[in-house]
1. If you take just the strands (runs of 3 or more DSSP E) that sit entirely in region 1-120, which of them hold at least 2 residues that are of a type in the set (Gly, Ala, Ser)?
2. Please work out if LEU92 is in contact with an Asp or Glu (Cβ under 9 Å, 6 or more places away or on another chain) and outside the structural domain of ASN49 (by TED's automatic domain parsing).
3. Would you check which residues across region 267-286 are at pLDDT below 95 and either of a type in the set (S, T, N, Q) or under 14 Å from GLY89 (Cα atoms) (or both) and list them?
4. Please state which of the following conditions ARG64 fails to meet, knowing it meets all the rest: (1) farther than 23 Å from ARG240 by Cβ; (2) in contact with a Ser or Thr (Cβ under 8 Å, 6 or more places away or on another chain).
5. Taking into account only those residues within region 142-183 that are at pLDDT 95 or above and of a type in the set (S, T, N, Q), which is nearest to ALA217 (Cα to Cα)?
6. Please enumerate the residues belonging to region 116-167 that are closer than 29 Å to LEU261 by Cβ, more than 21 Å from the chain's Cα centre (by Cα) and surrounded by 13 or more Cβ atoms within 10 Å (Cβ to Cβ).
7. Name, by its number, the condition in (1) surrounded by fewer than 17 Cβ atoms within 10 Å (Cβ to Cβ); (2) farther than 23 Å from SER154 by Cβ; (3) free of Cβ contacts under 8 Å to residues at least 60 places away in the same chain that does not hold for LEU227.
8. For region 8-26, check the following and say yes or no: at least one residue is over 29 Å from GLU161 (Cα atoms), among the hydroxyl-bearing types (Ser, Thr, Tyr) and not assigned by TED's automatic domain parsing to the domain that holds TYR164.
Amino acid sequence: MKQLKYDIVETLSCGSQIQHGPFNDRIYLMNAAEKCIEDLPVRLITLANKNAYGKIFARLPESRTPPFINAGFQIEAEIQNFYRDREKGLFLAYFNNVSRKHEKDIKHYLENIHLALKKRNRPVKPLNPHFLLRQCREKDLPRMAEIYRKVFPSYPFPIHETPYLEKTMRKNVDYYGIETRGKLIALASAEKDIEAGHAEMTDFATLPERRGYGLAAHLLRYMEGRLPAQGIRCVFTIARAASAGMNITFSKNRYQFAGRLINNTNISGRIESMNIWYKHLDSGRK
């Protein structure tokens, strides 16, 4: 397989963490430190100009967004009670390249959202009794990397590589799988931010020959059941806007649509727009 090149993750002197590079043609502000927050937007724009990146994508608490809004960032999505079960989380974008705003497949994206919302709360077919849900362990790493290589021609993070999976598994990501006859056939993960009290439900992958069984929906529910005990109160996903199936999966499981990230992520071989869905666990909030 061709060796893929990924964007780098680095921590700025102010303590904020970013991912940036030509692979996604963007800067992704993953964690905005409160220190120097007033200067951070200009610093990111300067870096984007220097490297000719098309977009800056930022995820941060609402209370830290005014300097970004003043600098020309726009809100693409928002999640209520995202941080510590009380503060709104905003997903912001700064387009350094006007062409990055243009979505060629916008009609398809809107149709998928309409279809997903139409199927909201529909029942999920029972899990095939020959399939077993379980949490993945380190001995599963080679098989996990193999599945991700088969399913995704490209991905924003190096989940195709065993060392990356091992590092994240030991740090803050719980990986789950479905196996049959002792062999994994589907995967997903919960990337946890314990301090913030939320988790991203991500890395869903089912082998092509095993699709049609609703495995992603079962993985999603299985993960949700194990997160509240770890202090997680809000779960969300960044799903491909082009994938009707994944958007339907989250809508069926009572997730709320929060917005679309325009031309945001290099996945499945090209840069695509992504939809944000979220849900509060053990709460009556919607």
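1. Of the strands (runs of 3 or more DSSP E) lying wholly inside region 1-120, those with at least 2 residues that are of a type in the set (Gly, Ala, Ser) span 87-95.
2. no
3. SER268, SER283
4. It is condition (2) that ARG64 fails.
5. Out of the qualifying residues, it is THR180.
6. Once the filter is applied, which keeps residues that are closer than 29 Å to LEU261 by Cβ, more than 21 Å from the chain's Cα centre (by Cα) and surrounded by 13 or more Cβ atoms within 10 Å (Cβ to Cβ), region 116-167 yields LYS119, VAL124.
7. Exception for LEU227: condition (1).
8. no
The values are calculated or read from the model by the stated rules, or taken from the named source; none is laboratory data. Everything numeric here is computed off the predicted structure, so don't read it as measured data. FYI the Cβ positions are ideal-geometry reconstructions off the backbone, even for glycines, and counts take in every protein chain you see.
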